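Single-structure report; data block below.
The values are calculated or read from the model by the stated rules, or taken from the named source; none is laboratory data. In this text the structure is predicted, and so the values were computed from the model without any measurement. Methodologically, a virtual Cβ is constructed for each residue, glycine included, from the backbone with ideal geometry; neighbour enumeration extends over all protein chains shown. Ligands, DNA and RNA are stripped out before the accessible areas are found, and what is left, the full protein with its side chains, is counted by its heavy atoms. Shrake-Rupley method; radii C 1.70, N 1.55, O 1.52, S 1.80 Å.
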Protein chains: 2
Amino acid sequence: MNDQKPKIIDDLITMLGKKAVLIKADDTKSYLSDWHDRFHGAAHAVVLPESTEQVSAIMAYADTNNIVVVPQGGNTGFMGGATPDKRGNTILLSMRRMNNVREFDKKNMSMTVEAGCILQHLQDVAEDAGLYFPLNLAAKGSCTIGGNLGTNAGGLNVVRYGTTRALTLGLEVVLMGGEVLDMLSGLRKDNTGYDLRDLFIGSEGTLGIITAATMRLFPKPVAVSTAFAEVRDVDAAVELLHRLQAASGGMVEAFELIPADIMHVLFEAFPDIQRPLASIGAMNVLMEIGSTNPADNDVDGNGSAPIQAIMENVLGSAFDDQLVIDATIASSDAQRDALWDVRESSPESHKRAGKVIRSDVALTQSALAPFYADMVAGVKSIDPKIRICGYGHIGDGNLHFNLVQAAGGDPDFEAKTPKLLELLYSNVNKYGGSISAEHGIGQVKRNQLAQIKAPAIINTMKAIKGALDPKNLMNPGKVI
Amino acid sequence: MNDQKPKIIDDLITMLGKKAVLIKADDTKSYLSDWHDRFHGAAHAVVLPESTEQVSAIMAYADTNNIVVVPQGGNTGFMGGATPDKRGNTILLSMRRMNNVREFDKKNMSMTVEAGCILQHLQDVAEDAGLYFPLNLAAKGSCTIGGNLGTNAGGLNVVRYGTTRALTLGLEVVLMGGEVLDMLSGLRKDNTGYDLRDLFIGSEGTLGIITAATMRLFPKPVAVSTAFAEVRDVDAAVELLHRLQAASGGMVEAFELIPADIMHVLFEAFPDIQRPLASIGAMNVLMEIGSTNPADNDVDGNGSAPIQAIMENVLGSAFDDQLVIDATIASSDAQRDALWDVRESSPESHKRAGKVIRSDVALTQSALAPFYADMVAGVKSIDPKIRICGYGHIGDGNLHFNLVQAAGGDPDFEAKTPKLLELLYSNVNKYGGSISAEHGIGQVKRNQLAQIKAPAIINTMKAIKGALDPKNLMNPGKVI
């Protein structure tokens, strides 16, 4: 293998030019480990193609020479899906230089973009045209749309707009061997053969390289109401969501669960963040509705804009029905930002709190409350001092059920980890949930996937993998 | 083959019972031809299993004995996808007896239903629970949800809720050989491996038999406004759609294009249908918005409910901007029904008008107007007397561009058909459209699919077909 390496590097330089082929350890380091620095791999080289033709050439070369290809976007994933193994027989294919917006079709409300475009950039491009690209996650300043597609990323606005899959109209994919599948299209409806698009979305680079995509755009919400409420319990939160959806006609842009421990950990790390309510309630919700109708901002005789009136009415009747204990509605952008700060600073506060068991589970809305109750009881029986930070996008049933070590540290936390994980996954299983709502499988959950999925399903996935990548050169060791 | 037939029938009767195996010509006739009576096939027997276990047993038996299986729902498709070939080595598997609602989860807004459930029944079940199942097409009284899933059916409400694919959370599928893939789930988010669900949806029974599905439900629109407007042209219709979407916050439930010839043909067949406007305009739109907020029905000081005010304001400003020439808004259920009658009676009026070239194309919203203009010019150059009935769901870019023979008949219409079809498909191609927006491929468009799709895409579809059905026993001769 090492004998081949100099020739492989020469060939890649001939193909792509010297600047597009990184080989020095200093240059390749950030590509060969994940951003949590948990996984470390090796490669012949890191290549940065700038066109679909170059990706195709790389894939033809890799196939001929039996070299593994690991694609990578912004390298912000949590599951080690973009880090190669340590064997070194890999081309790490970074898509970052393929970052053009190829076409912007305002009338069709769609844009065709290359995989290396940074998510934040696409949000900005849409906004500049008076439109809205709703995909929104913490890594938006670094993650690429190709990575979002590869993992079917979720984020804050899934409750209204769906995951990345639901935002995608067309794809361009390069297969191992170099064939280019041009399925770019702005069509809303197209029943011509098998749905290859959705097969590649979420396949984490194990079936092909997504090089470009046509994404849906939306009218921009111009009237927004944001509120923070202490709710009776998780069940009350779900009921509140349904009421807000019905009253607003499906305008719920975000609906995030925030238990007390989230705020305790948060205010430890960031004491200056503004408390949303006078006291910290046991269970809370951060919610936002958005309307595309400017008239929903017009203040009426009662001093309230229609968008705010919807929120006030729903919270008022939920208060009367004892679903809501206390609530505040943002009346300025600054107040809105302060409410969002509670949610958006939480992941960083967990990092600062020390050891954390992170998770990304999904449940049906009818299972959320019993699951939550079982988890709280179970964690308390293992260690009542563990901070139970089960929070997140319950508008779509997605909880990041994080468990943070006791305040002041706990030397035994790691010893408790296997028991806590067993508790988590047995409850996910009990309630028919998912072990990965939005983060994907990567290398972290690959073995677990093989255990929880029925053999018939795993075998079907393997049959598809074998059909499209018979030599197992596409991001091996991930997903399946 | 014929020697085997008696044994095969005996075996099927042993497996399913005598009542579930139809063999007499009188009993099988309606299953072995399509409802337009264009396609006719043969089979050892028509079987009507009543459980997933029975479907599994049939599929194991078929695999062992190399017998083709053709699945069928309500047999209402247009593309011959549910009619077997004439060779006779087929089990026609009708799903009609598997028609239970297995689970109704109101809190999760989902229901798990068997493939043989009639669409209208599912609409009723949802409505009885105060919820809404939005899939809506002309065949709703006969078509099954299994058929809707197999073809990824569209219909009238796609502009708001998406095609059948977008309404589906989970699936149960039986593979050739009898393996059951239990992927039923009410989860909104689940990134655990390849998206098998969407691969089976729209595969027209060529990859496996869909036996059950978990479908999304929605809050019911309780405030509705329906209007009919003569518009300046197709471009004005698209602009009106965008304005109505933005003003209503995405509440557009239906947006249908209706050109003058649709109405000429309609009123010939049904002279008693009420004219929506005083005169027949060249280009018209039937549109509806729906809100789930009961308060949108409350009449305010100006005598107008909020939902009607949105429609009035949008049409008013569109009139000022000369996008709209004349319009009427339904002010009662009877008026609303009368407007919908224009749209819903059109397919039957085409049948009565004699020879028709039917189509089901999709375009981007930016291509709709130039496509339409090119088609009108092209058809007129072939024969100015042909009625140009390009109508339908332009909210999602879908046109049923039907061409109806001249009033009073035209003996040469069939001779013109190849030229007209060539015109249609060359324009679809020119504007990057789809030859099948919602009807699928079946046997009708199989050869055409092979011509228009790039070889790399066809080969990828074939690789997947080969991986899941290596002996080509699943509905052969369809799609691919």
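Return the pair list, or none, for Cβ contacts closer than 7 Å from residues in the range B:61-86 that are under 20 Å from B:ASP3 (Cα atoms) to residues that are acidic (Asp, Glu), at least 6 apart or on different chains.
B:TYR61/B:ASP11
Of the residues that make up the range A:425-432, is at least one among the hydrophobic types (A, V, I, L, M, F, W, C) and over 16 Å from A:HIS400 (Cα atoms)? Even if it seems obvious, please write down each step before you answer.
Of all residues in the range A:425-432, those among the hydrophobic types (A, V, I, L, M, F, W, C) come to A:428.
Imposing the further condition that a residue be over 16 Å from A:HIS400 (Cα atoms) reduces the set to none.
No; the residues of the range A:425-432 include none that is among the hydrophobic types (A, V, I, L, M, F, W, C) and over 16 Å from A:HIS400 (Cα atoms).
What number of residues in the range B:411-437 are of a type outside the set (Gly, Ala, Ser) and open to solvent by less than 20 Å² (accessible area, probe 1.4 Å)? If you could, list the steps in order and put the result at the bottom.
Going through the range B:411-437, the residues of a type outside the set (Gly, Ala, Ser) turn out to be B:411-414, B:416-425, B:427-431, B:435.
This time we only want the ones that are open to solvent by less than 20 Å² (accessible area, probe 1.4 Å), so: B:413, B:420, B:424, B:427-428, B:435.
Residues meeting the conditions: 6.
Would the range A:342-353 turn up any residue that is surrounded by 23 or more Cβ atoms within 10 Å (Cβ to Cβ), under 24 Å from A:THR164 (Cβ atoms) and out of contact with any His (no Cβ under 7 Å at 6 or more places or on another chain)?
yes
If you check A:ARG275, A:ARG243, which single one turns out to be more than 24 Å from the chain's Cα centre (by Cα), more than 21 Å from A:ALA334 (Cα to Cα) and open to solvent by 20 Å² or more (accessible area, probe 1.4 Å)?
Working: A:ARG275 fails: more than 21 Å from A:ALA334 (Cα to Cα).
The conditions single out A:ARG243.
Taking the range B:146-169, which residues are more than 11 Å from every other protein chain (Cβ to nearest Cβ) and either under 11 Å from the mean Cα position of the chain (by Cα) or under 21 Å from A:VAL159 (Cβ atoms) (or both)? Break it down stepwise before answering.
In the first step, residues of the range B:146-169 are kept if they are more than 11 Å from every other protein chain (Cβ to nearest Cβ); the result is B:146-149, B:156-157, B:167-168.
Across the range B:146-169, the qualifying residues are B:GLY147, B:ASN148, B:LEU149, B:LEU156, B:ASN157, B:LEU167, B:THR168.
Considering only the range A:1-44, state which residues are touching an Asp or Glu at 6+ places or on another chain (Cβ under 8 Å) and assigned to a loop (DSSP other than H, G, I, E, B).
A:GLY41, A:ALA42, listed by residue number.
Among the residues of the range B:110-128, what is the count of those that are farther than 23 Å from A:ALA246 by Cα, open to solvent by less than 10 Å² (accessible area, probe 1.4 Å) and hydrophobic (A, V, I, L, M, F, W, C)? Please lay out each step first, then the result.
Restricting attention to the range B:110-128, the residues satisfying the condition of being farther than 23 Å from A:ALA246 by Cα are B:113-121.
Checking the rest, the ones that are also open to solvent by less than 10 Å² (accessible area, probe 1.4 Å) come to B:113, B:115-117, B:119.
In the following step, the residues that additionally are hydrophobic (A, V, I, L, M, F, W, C) were identified as B:113, B:115, B:117, B:119.
Here the count works out to 4.
Right, B:LEU131: open to solvent by 10 Å² or more (accessible area, probe 1.4 Å), closer than 25 Å to B:TRP340 by Cβ and in contact with a Leu (Cβ under 9 Å, 6 or more places away or on another chain) or not?
Judged against the criteria, B:LEU131 is a match.
Looking for whichever is in contact (Cβ under 8 Å) with a residue 12 or more places away in the chain and within 11 Å of chain A (Cβ to nearest Cβ) here; the options are B:GLN405, B:GLN443, B:GLN448. Which one fits? Step through it out loud before you land on a result.
Working: B:GLN405 fails: within 11 Å of chain A (Cβ to nearest Cβ); B:GLN443 fails: within 11 Å of chain A (Cβ to nearest Cβ).
Answer to the check: B:GLN448.
Considering only the range A:378-410, how many residues are among the polar types (S, T, N, Q), buried (at least 19 other Cβ atoms within 10 Å of the Cβ) and more than 28 Å from A:ARG160 (Cα to Cα)?
The qualifying residues number 1.
Take the range A:350-390 and flag every residue that is part of a loop (DSSP other than H, G, I, E, B) and not hydrophobic (A, V, I, L, M, F, W, C). Give the steps one after another, and end with the answer.
Pass one, the range A:350-390, residues part of a loop (DSSP other than H, G, I, E, B): A:353-355, A:358-360, A:363-367, A:383-386.
A:GLY354, A:LYS355, A:ARG358, A:SER359, A:ASP360, A:THR364, A:GLN365, A:SER366, A:ASP383, A:PRO384, A:LYS385, listed by residue number.
Tell me which residues, restricted to the range A:367-376, are buried (at least 24 other Cβ atoms within 10 Å of the Cβ) and away from chain B (no Cβ under 13 Å).
Listed by number, the list holds a single entry, A:TYR372.
Got a sec? Which of A:ILE310, A:ILE289 is within 12 Å of another protein chain (Cβ to nearest Cβ) and touching a Leu at 6+ places or on another chain (Cβ under 7 Å)?
Numbers: A:ILE310 fails: touching a Leu at 6+ places or on another chain (Cβ under 7 Å).
A:ILE289 is the lone residue from the list that is within 12 Å of another protein chain (Cβ to nearest Cβ) and touching a Leu at 6+ places or on another chain (Cβ under 7 Å).
Any idea which residue in the range A:246-272 is nearest to the other protein chains (Cβ to nearest Cβ), counting only those that are of a type in the set (D, E, K, R), under 25 Å from the mean Cα position of the chain (by Cα) and closer than 27 Å to A:LYS380 by Cβ? Talk me through it step by step, then tell me what you get.
If we filter the range A:246-272 for residues that are of a type in the set (D, E, K, R), which is where we start, we get A:253, A:256, A:261, A:268, A:272.
Now drop any that are not under 25 Å from the mean Cα position of the chain (by Cα), which leaves A:253, A:256, A:261.
Narrowing further to those that are closer than 27 Å to A:LYS380 by Cβ: A:256, A:261.
Values: A:GLU256: 14, A:ASP261: 23 Å.
So the residue we want is A:GLU256.
Restricting the first residue to the range B:349-366 and requiring it to be at the interface with chain A (Cβ under 8 Å from one of its Cβ atoms) and within 26 Å of B:VAL159 (Cα to Cα), which pairs with a second residue that is of a type in the set (Phe, Trp, Tyr) and open to solvent by less than 20 Å² (accessible area, probe 1.4 Å) meet a Cβ separation below 7 Å and a spacing of at least six or different chains?
Between residues of the range B:349-366 that are at the interface with chain A (Cβ under 8 Å from one of its Cβ atoms) and within 26 Å of B:VAL159 (Cα to Cα) and residues that are of a type in the set (Phe, Trp, Tyr) and open to solvent by less than 20 Å² (accessible area, probe 1.4 Å), the close pairs are B:LEU363/B:PHE371.
Counting only residues that are of a type outside the set (S, T, N, Q) and either more than 8 Å from chain B (Cβ to nearest Cβ) or farther than 13 Å from B:ALA463 by Cα (or both), how many does the range A:466-476 have?
So the first thing to find is which residues in the range A:466-476 are of a type outside the set (S, T, N, Q), and the list is A:466-471, A:473-474, A:476.
Narrowing further to those that are either more than 8 Å from chain B (Cβ to nearest Cβ) or farther than 13 Å from B:ALA463 by Cα (or both): A:469-471, A:473-474, A:476.
Number satisfying all stated conditions: 6.
Scan the range A:297-326 and report the pairs whose first residue is modelled with pLDDT of 95 or more and whose second residue is surrounded by fewer than 17 Cβ atoms within 10 Å (Cβ to Cβ), with Cβ atoms within less than 6 Å and a gap of 6+ or a chain change.
Final answer for the pair search is A:ASP326/A:LEU277.
For the condition under 19 Å from A:ARG96 (Cα atoms) and in contact with a Phe, Trp or Tyr (Cβ under 8 Å, 6 or more places away or on another chain), what is the one hit in A:VAL55, A:VAL46? Step through it out loud before you land on a result.
Details: A:VAL55 fails: in contact with a Phe, Trp or Tyr (Cβ under 8 Å, 6 or more places away or on another chain).
Answer to the selection: A:VAL46.
Which residues, counting only those in the range B:162-215, are closer than 17 Å to B:ILE464 by Cβ, of a type in the set (Val, Ile, Thr), open to solvent by less than 10 Å² (accessible area, probe 1.4 Å) and part of a strand (DSSP E or B)?
B:VAL173, B:ILE209
Out of the residues in the range B:91-109 that are in a strand (DSSP E or B) and open to solvent by less than 10 Å² (accessible area, probe 1.4 Å), which is farthest from A:GLY397 (Cα to Cα)? Spell out how you get there, then give the answer.
Pass one, the range B:91-109, residues in a strand (DSSP E or B): B:91-94, B:101-105.
Filter again for open to solvent by less than 10 Å² (accessible area, probe 1.4 Å), leaving B:91-94.
Working: B:ILE91: 41, B:LEU92: 40, B:LEU93: 37, B:SER94: 36 Å.
Of everything passing the filter in the range B:91-109, B:ILE91 is farthest from A:GLY397 (Cα to Cα).
Just for the range B:279-314: of the residues that are of a type in the set (D, E, K, R) and assigned to a helix (DSSP H, G or I), which one is nearest to B:ILE262 (Cα to Cα)?
At the first step, the residues of the range B:279-314 found to be of a type in the set (D, E, K, R) are B:288, B:296, B:298, B:300, B:312.
Among the residues that remain, those that are also assigned to a helix (DSSP H, G or I) are: B:296, B:312.
Values: B:ASP296: 33, B:GLU312: 25 Å.
Per the criteria, the residue is B:GLU312.
What about B:ASN136, is it within 12 Å of chain A (Cβ to nearest Cβ) and out of contact with any His (no Cβ under 9 Å at 6 or more places or on another chain)?
Details: within 12 Å of chain A (Cβ to nearest Cβ): no; out of contact with any His (no Cβ under 9 Å at 6 or more places or on another chain): yes.
So B:ASN136 fails the test.
Name the pairs whose Cβ atoms lie under 7 Å apart, with the first residue in the range A:382-399 and within 12 Å of A:ILE258 (Cβ to Cβ), the second part of a strand (DSSP E or B) and of a type in the set (S, T, N, Q), and 6 or more positions between them or separate chains?
Listed by first residue and then by second, the contacts come to A:CYS389/A:ASN402; A:GLY392/A:ASN398.
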